[in-house]
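Take a look at the structure set out below.
No value in this document is a laboratory result; all are computed from the given coordinates. Predicted model, so just to flag it, every value in this text is computed and none were measured. Quick reminder, even Gly has a Cβ in these numbers, built from the backbone with ideal geometry, and neighbours come from all protein chains shown.
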Amino acid sequence: MLFPSSNFFQTKRSISEIKAELLPAYFQVWAEMVATEELVLVDLNAGSGYEADGEKVAALQILETFQEAENARENEAKTLQLFLSDASKTNLEKLKQNLQNVSEEGEITPQLPENINLLNEPETAKTLLGLLQKVPGLVVADPFSYAQAQEILAQTLTEKNDDLFVLFDYKKLEKTFLAENPTVFLAQLFGEALPEIKAKFQLQQSPKRKEQLLLEQLENAFQEQEFYPLSFKINPPGKAGNAVYLFLAGKSIAHYFRAKEWLQTFSEFQEDGVPLFGVNLNYQPAAIPGFSNFLNKFSLENLTQELAGKKADFHYQTIREIYETHSFGTNYILANYVAAFRQLQKAEKVNLVDASNKKVLKITPEAVVFYRLHNK
């Protein structure tokens, strides 16, 4: 599994740079979870095909890596198709030129490489939408950049095979959200609730609370569309600049847990070990010991207290099973559940046993939780 370099976010990064760093890593996580023979990667903001430093954009690097692995028989049963587009017509023309094949005589031929398609033609977009009804796809986009990206994302909301890698500037989300006429994507996502959500947003005085509310509503809306969403906040180092959000939305709970496992590896953490799912957040631990459970929505102390009263729900389940049942929509990770049940065992609220009902010497996610009779 690939991860961003440890100091990557210590430098101010553009959205393009963040995407180039994170997308190949996440694609590997996503592709490992897909069991079908054919995969689709859609990049609706592919630019000209090259980054400012001359490197190929992430989608093209992913295809090359995938084909190399396929040739080495590591992915012998899988094929990958790319569908690329961009908001700029100039970029699209450059992208087409950069992708065109060169013959053995050095002449440029009009054909694009096999498995690469450009979405500048209506027929290609129609082909993509038909393919996504049958083949698992990862759709990569800034949903607030241009109309076609919004239209394709709106249509993918209704499909069962598509997962989303959405990377955007928060200020662009806010501007689009507050526009008098909603985009097709926001209309599809929020439905009839959009005016009410907008009214709640406008009543908020604090910019911080406005941002929290809008992201919460975004996650809720994706859940209504039967996705399992995760958001990750990327602040620039220091105090200047807008927040960027990576929003992962998958159609399977298994993808959600793999994405959560991946995101936590470069997240900042609270002092109690609960991840914040963000970087450069300027998080300040509570000045008063033990007060963090009042300041933080998700804290180890809050989790421990909640689990103590869940005998009816979780008696005789493994810690891993409890995590997979309980943690969706929270910042809690598997290690937090292990720590919480370790505390409950010390407090004699639970016993932790193995599959043979013998007390475990080392607490692992496979330990079975046996709530003690006196625990209410």
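Between residue 78 and residue 114, the modelled label-to-label distance comes to 1.9 nm, taking each label 7 Å out from Cα in the direction of the beta carbon.
Hydrophobic long helices, here whole DSSP H runs in the chain with Kyte-Doolittle means of at least 1.0 and Cα atoms spread over 18 Å or more along the helix axis, are not found. Derived value for the chain: Kirkwood hydrodynamic radius 22.9 Å. Basis is the mean of 1/r over every pair of different alpha-carbon atoms. DSSP beta bridges fully contained in the chain are about 55 percent antiparallel. A helix-only calculation puts the chain at -12500 deg cm²/dmol for mean residue ellipticity at 222 nm, using -39500 (n - 2.57) for each DSSP H run of at least four residues, averaged over all residues.
Could you please state, rounded to a whole Å, how far the C-alpha centre of the range 23-52 is from the C-alpha centre of the range 330-376? Centre-to-centre distance over Cα atoms comes out at 39 Å. Between the beta carbons of residue 342 and residue 161, assuming R0 = 45 Å, the FRET efficiency works out to 0.65 to the nearest 0.05. The stretch between residue 335 and residue 209, if pulled fully straight at 0.36 nm per residue, gains 42.5 nm over its current Cα-Cα span. Note on residue 358/residue 224: beta-carbon distance plugged into 1/(1 + (r/R0)^6) with R0 of 51 Å gives a FRET efficiency of 0.70. Distance from the Cα centre of the range 105-175 to that of the range 190-217, in angstrom? For the range 105-175 versus the range 190-217, the Cα centre distance is 28 Å.
If both residues of a DSSP beta bridge must be in the range 234-376, then about 90% of such bridges are antiparallel. In this structure, the amide hydrogen of residue 50, modeled 1.01 Å from its nitrogen in the peptide plane, lies closer than 5 angstrom to those of 57, counting only residues at least 5 positions away or on a different chain. If R0 is taken as 41 Å, the Cβ-Cβ distance between residue 14 and residue 294 corresponds to a FRET efficiency of 0.65.
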